[in-house]
Amino acid sequence: MARGNFSQVTEFILLGLSDTRELQLLFFTLFLLAYTMVLLGNLLIIVTVRCDPKLSSPLYFLLCNLSFIDICYTSVTTPRVLVALLSGHKAIAFEACMAQLFFLHFVGSSEMFLLTVMAFDRYSAICRPLHYTAIMARRTCWALVAACWAGGFTHSIVQALLTLQLPFCGPNTIHSYFCDVLPVVRLACADTALTEWLMASNSGLISLGCFLVLVASYALILAKVRARLSQGHWKALSTCASHVMVVTLLFMPCIFTYLRPAGALPTSKYVCVIYTTFSPMMNPLIYTLRSSEVKESMWRLWKRCRA
């Protein structure tokens, strides 16, 4: 089936992480464990925040949204990877590939924007505590979260349209375990130099821009509190440290992957595992283990469920 006069490719072949059956079973086990941890950990955070009125601050509202995004983000790629590893079926329809590409960037960029908002929340709480309630009012929080989703949608629709306008008429083998703009663009039967630079500018600069904003916000926080490290400020800095861990896990691999044209360097599919699977898995561990309020709320919820 041809797509108009431009494309004869109806499906792509995802080569995955390995052709060795033993390694495929090992990867299946690791991905299944990681996906289970992502689902259970983030669902637990959502239920805990929603059920405990004490966790009503803007930080936990944003954390609840981050957990929802992490579930959506890893669900875009991991279920299909698990099926492919278990069954050996590596083909993905053209339309399904484009949909995966779209939702991957939609949810992924929304998470980047949300992490930037969370850094602004921590800056407001630490550096402007007297105005914090007014700055981060509930209506403002909802507006910021909506802006994150809107920004993610705008970014993703640009990536998808740049990819869909390319002709695909020859090779259809993708050297990865999911559909992403860089490995897909390499298969186009056309000069993609301009498209590659536009995509690098779009994805790469968004990753780099959000990362620089985050680094600047945490630098301002450190400069503000270095002279008066009371117990409350130590607690705030501990929260910021967990945010920095999340930021590093997500942004550095994305900057490495996207801030360059498609043909500049080969994309490491193992680097992609960090931001598609490992980072969403670490988020609940980092936030729950470093937040005494969340751990206490989880314990109260557990005792309530057992009663």
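Points worth noting:
- Over the chain: helical MRE at 222 nm, DSSP H runs n ≥ 4 each giving -39500 (n - 2.57), nearest 500: -24000 deg cm²/dmol
- Rounded accessible area per residue of the chain, 1.4 Å, Å²: 48
- Volume per residue that the Cα convex hull of region 11-300 spans, once the total is divided by residue count, Å³: 131
- Straight-distance crosslink candidates among lysines, where the alpha carbon sits under 18 Å from Lys303 and sequence neighbours closer than 8 are dropped: Lys54, Lys295
- Equivalent ellipsoid, region 1-144 (semi-axes from 5 times Cα gyration tensor eigenvalues, Å): 39, 20, 11
- Taking the protein heavy atoms of region 11-300 in the context of the full set of protein chains, the accessible area attributed to carbon and sulfur is 72 percent at 1.4 Å.
- Along region 153-164 the Karplus relation, 6.51 cos²θ - 1.76 cosθ + 1.60 evaluated at θ = phi - 60°, assigns HN-Hα couplings of 5, 4, 4, 5, 5, 5, 4, 5, 5, 5, 6, 5 Hz to successive residues, with x for each Gly and Pro.
- Within the same chain, lysines fewer than 8 places from Lys90 are excluded, and of the rest, those with a Cα less than 29 Å from its Cα are Lys269.
- Computed from Cα atoms, the angle from the helix 58-87 axis to the main principal axis of the chain rounds to 30 degrees.
- Proximity of backbone amide H atoms, modeled 1.01 Å from N, is registered between Ile174 and Ile13, Leu14, Leu15 at under 5 Å, excluding neighbours fewer than 5 places apart on the same chain.
- Over all distinct Cα-Cα pairs of region 61-216, the Kirkwood formula returns a hydrodynamic radius of 17.3 Å.
The values are calculated or read from the model by the stated rules, or taken from the named source; none is laboratory data. Everything quoted here is computed from the prediction, not taken from an experiment. SASA here: full protein model, heavy atoms, side chains in, ligands and nucleic acids out. Shrake-Rupley method; radii C 1.70, N 1.55, O 1.52, S 1.80 Å.
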